[in-house]
Amino acid sequence: MTDTDLDGRRVLAIVTNYGVEQDELVVPVRHLRDAGATVDIAAVSTDAIRTLVGDKDPGESVQPSLSLADADPDGYDLLLVPGGTLNADTLRLQDDALDIVRTFTSSGRPVAAICHGPWVLVETGAAKGKTLTSYASLRTDIENAGGSWVDRPVVADRAGDWLLITSRDPGDLEDFLREIDKELAGLSGS
């Protein structure tokens, strides 16, 4: 699937237990693991995650690695925030998820968010001063939070001393994953 070697890289994905868009979680996790990265999925609880396809049809069930409360963000190189309207809307109300995002952004480590995932960045104030993309309905929220919204398959913005990678929807996964791979492969041995 990828010729990028991500051995030794650690990625944390944060989600709720219901409503994450299947391909925005499953495809990146499989891709990164196939490239050698360790990927942990933190959910609100350790119960199975019920994904959705198109925000309505049942998708795959995924077992989280740990709960959001038990996740130590300091042990990871990149934060992945998948979308899904229900997932992202609920996730932005989870204090543990917001704390994880703040830990990543304040430490200068990269965050990759797709579709409705940037809602969490809006909630934490991390969208301010950033240029990003998302599902089109988030445009006003992002602009009201001080971000600049653009309609492109992927945006990588390093403003504010940390990298934010964003994409619009599952159709942009190839571009999204390319940017994540590039960032993880370029990290020094830290």
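Readers should treat all values here as calculations from the given coordinates under stated rules, not as data from a laboratory. Remember, predicted model here, so these are calculated numbers, not experimental data. Reconstructed Cβ throughout: ideal geometry from the backbone, glycine too, with neighbour counts over all protein chains shown.
Check which residues have an amide H placed less than 5 Å from residue 168's amide H, if you skip close sequence neighbours.
115
If packing is taken as the average count of other Cβ atoms within 10 Å, what order do 136-146, 21-31 fall into, highest mean first?
Values: 136-146: 15.6, 21-31: 21.6.
The most tightly packed comes first, giving 21-31, 136-146.
Kindly write out, for the stretch 8-19 in residue order, the coupling ³J(HN,Hα) from the Karplus curve 6.51 cos²θ - 1.76 cosθ + 1.60 (θ = phi - 60°), rounded to whole Hz, with x marking Gly and Pro.
x, 7, 10, 10, 10, 9, 10, 8, 9, 8, 8, x
Any chance you could run the full-extension gain for residue 5 through residue 161? It's 0.36 nm times the residue separation minus the Cα-Cα distance, nm to one decimal.
Values: separation 156, 0.36 × 156 = 56.16 nm, distance 2.51 nm.
Fully extending the segment from residue 5 to residue 161 adds 53.6 nm.
Express in nm, to one decimal, how much length is gained between residue 60 and residue 178 on full extension, taking 0.36 nm for each residue of separation and deducting their alpha carbon distance.
Numbers: separation 118, 0.36 × 118 = 42.48 nm, distance 2.38 nm.
Between residue 60 and residue 178, full extension yields 40.1 nm more.
Using a simple charge model, +1 on the beta-carbon of Lys and Arg, -1 on the beta-carbon of Asp and Glu, nothing else, what dipole does the stretch 10-182 show about its Cα centre, in debye to the nearest 20?
Values: 16 positive and 29 negative charges, 72 e Å.
So the dipole magnitude of the stretch 10-182 works out to roughly 340 debye.
Between residue 48 and residue 136, 0.36 nm times their residue separation minus their Cα-Cα distance comes to what?
Numbers: separation 88, 0.36 × 88 = 31.68 nm, distance 2.92 nm.
Result for the pair: 28.8 nm of gain on full extension.
Answer with a single label: of (1) 10, 39, 37, 13, 2, 0; (2) 10, 42, 39, 8, 0; (3) 8, 29, 26, 20, 12, 4, 0, which was calculated as P(r) over Cα pairs in 10 Å bins from 0, in percent from the structure in view?
Answer label, from the structure shown: (2).
Would you pull out the residues with amide H under 5 Å of residue 84's amide H, same chain only if 5 or more places away, H placed 1.01 Å from N?
Hits under the 5 Å cutoff: 21, 116, 117.
Describe numerically, in nm with one decimal, the distance between label points set 7 Å from Cα along Cα→Cβ at residue 99 and at residue 69.
Using points 7 Å along Cα→Cβ, the separation is 1.0 nm.
For n ≥ 4 DSSP H runs only, could you compute -39500 (n - 2.57) per run for the chain, divide by its residues and tell me the 222 nm figure to the nearest 500?
Values: 6 runs with 60 residues, N = 190.
Mean residue ellipticity, 222 nm, calculated: -9500 deg cm²/dmol.
How large is ³J(HN,Hα) for each residue in the stretch 165-171, as worked out from phi by the Karplus curve 6.51 cos²θ - 1.76 cosθ + 1.60 (θ = phi - 60°), to whole Hz, x for Gly and Pro?
So the Karplus estimates, Gly and Pro as x, are 10, 9, 9, 7, 6, x, x Hz.
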